Amino acid sequence: MLTRILRLSKDRSGLAAVEFALIAPVLGTMLLGTIELCNALECHQKVTMVASSASDLVAQATSVSSSDMTDVFNAASAIVYPFSQGNMSIVVSSVLSDGSGNGTVNWSAANGNGKKLAVNTKITLDQPIMSTCDSTGKCTPCAKSSCSVILTQVTYNYTSPVGKYFVGSVPMSDYFYERPRKSATVTCNSCGG
């Protein structure tokens, strides 16, 4: 009996199978975690692209209507494919800047479950919106009545196919400023506040 136990303890033929059985769950978890993390990062990048694209589309016009805004929202929402568009809200607002980092909402439009910003709401901009910069990089603040910016705010509730069982949905948000290109301000006839 003792010789049989000694022979069994020296036998290495099943060692690889035992090691694989111990390591496989860890490797599987790491693989799924990496895939989920990459999907979440891709979704957040798409949220940033939606904010940038919506601001850019509106800033190219001199005036927009509610049907133009619907087109902008539809085009921007298509960017998040293959992720669900129903989990996203977009708010586009025209903000008049005083040149020192403060702004007043001129008009606002929203889609999804987003809430429009009220007209004449005071907001703080991340950085003063400048009108002109010279070759040395010195910028002159814009005049209060002639400087505006298109502010787009995007929120998205990311729900992972696997992670929804563990963490639920993950809220993502981003915003983007864009200066109007063809006029001092972009007007919206039927957007309101």
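The values are calculated or read from the model by the stated rules, or taken from the named source; none is laboratory data. Small disclaimer: the values here were computed from a predicted structure and weren't measured. Glycine also receives a Cβ, built like all others from the backbone with ideal geometry; neighbour counts cover every protein chain displayed.
Can you spot a residue in segment 105-117 that is within 20 Å of the chain's Cα centre (by Cα), under 16 Å from Val154 (Cβ atoms) and loosely packed, with under 14 Cβ neighbours inside 10 Å?
yes
Does Leu57 fit the bill of being modelled with pLDDT of 90 or more and in a helix (DSSP H, G or I)? Answer is yes for this residue. Output yes when any residue across segment 66-89 is over 15 Å from Glu178 (Cα atoms), touching a strand residue (DSSP E or B) at 6+ places or on another chain (Cβ under 8 Å), at pLDDT below 85 and part of a strand (DSSP E or B), and no when none is. Within segment 66-89, none of the residues are over 15 Å from Glu178 (Cα atoms), touching a strand residue (DSSP E or B) at 6+ places or on another chain (Cβ under 8 Å), at pLDDT below 85 and part of a strand (DSSP E or B).
Among residues of segment 62-76 being of a type outside the set (Phe, Trp, Tyr) and surrounded by 21 or more Cβ atoms within 10 Å (Cβ to Cβ), the one that is farthest from Ser173 (Cα to Cα) is Val64.
Just to be sure before I move on: is Asn39 under 23 Å from Pro171 (Cα atoms) and not small (Gly, Ala, Ser) in the structure I sent?
In short, yes.
Against the criterion of being surrounded by 12 or more Cβ atoms within 10 Å (Cβ to Cβ) and among the hydrophobic types (A, V, I, L, M, F, W, C), Ala59 qualifies. For Gly14, state whether it is closer than 30 Å to Ser169 by Cα and not charged (D, E, K, R). The answer is no for Gly14. Taken over segment 10-29, the residue count meeting the criterion of being modelled with pLDDT under 85 and surrounded by 10 or more Cβ atoms within 10 Å (Cβ to Cβ) is 2.
For segment 69-83, enumerate the residues that are touching a residue at least 12 places away in the same chain (Cβ under 8 Å) and closer than 14 Å to Asn111 by Cα.
Met69, Thr70, Val72, Phe73, Ala75, Ala76, Ser77
Reported count of residues in segment 77-88, each being surrounded by fewer than 15 Cβ atoms within 10 Å (Cβ to Cβ) and closer than 18 Å to Ser173 by Cβ, is 2.
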